[in-house]
Amino acid sequence: MNSAKISELLKTRPQTTLYWGLYSAFPEQGAKPDLGIAVAKKLAKRAVDRNQLKRMIREVVRVAQARNLNSDVVLKLKKSVGRETRGRLRRKEKEVLRTQIEGLL
């Protein structure tokens, strides 16, 4: 997904949870659905955590697309992670983030 398409989707009103904003639109006729991920360095300080979140998002969206999710999706992190654990993302918080993504899709 190119930056123009992502910018266009970010102007729409998202579905939200505590941590995530989901921006979606139907793809053009005959095109495969795309995925955009926005995990800001300001919200997830450690690169390891940002990469883990991105991998988790890709996995959850891939499963959802197998179950007939046919739309372009941009997921954006809204709230900083790891506040109680000195900036580190822990298993309990990962599970909360995963369930919120699954609830949006």
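The values are calculated or read from the model by the stated rules, or taken from the named source; none is laboratory data. Model, not experiment: these values are computed from the prediction. A quick note on method: Cβ atoms are made from the backbone with ideal geometry, for glycine too, and the neighbour counts reach across all protein chains shown. Just the protein is used for accessible areas: all its heavy atoms, side chains included, with ligands, DNA and RNA removed. Shrake-Rupley method; radii C 1.70, N 1.55, O 1.52, S 1.80 Å.
Laid out as a table, the results:
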| item | result |
| --- | --- |
| Search result, residues across the stretch 27-67 that are under 20 Å from LYS5 (Cα atoms), in contact (Cβ under 8 Å) with a residue 40 or more places away in the chain and open to solvent by 60 Å² or more (accessible area, probe 1.4 Å) | none |
| Residue, farthest from LEU77 (Cα to Cα), within the stretch 7-26, restricted to residues that are in contact with an Asp or Glu (Cβ under 9 Å, 6 or more places away or on another chain), open to solvent by less than 50 Å² (accessible area, probe 1.4 Å) and not aromatic (Phe, Trp, Tyr) | ALA25 |
| Neighbours by Cβ (under 8 Å, 6+ apart or cross-chain): first from the stretch 81-105, more than 24 Å from ALA25 (Cβ to Cβ); second modelled with pLDDT of 90 or more and polar (S, T, N, Q) | LEU89/GLN52; LYS94/GLN52 |
| Residues of the stretch 76-104 satisfying the condition of being open to solvent by less than 60 Å² (accessible area, probe 1.4 Å) and at positive phi | GLY82, GLY87 |
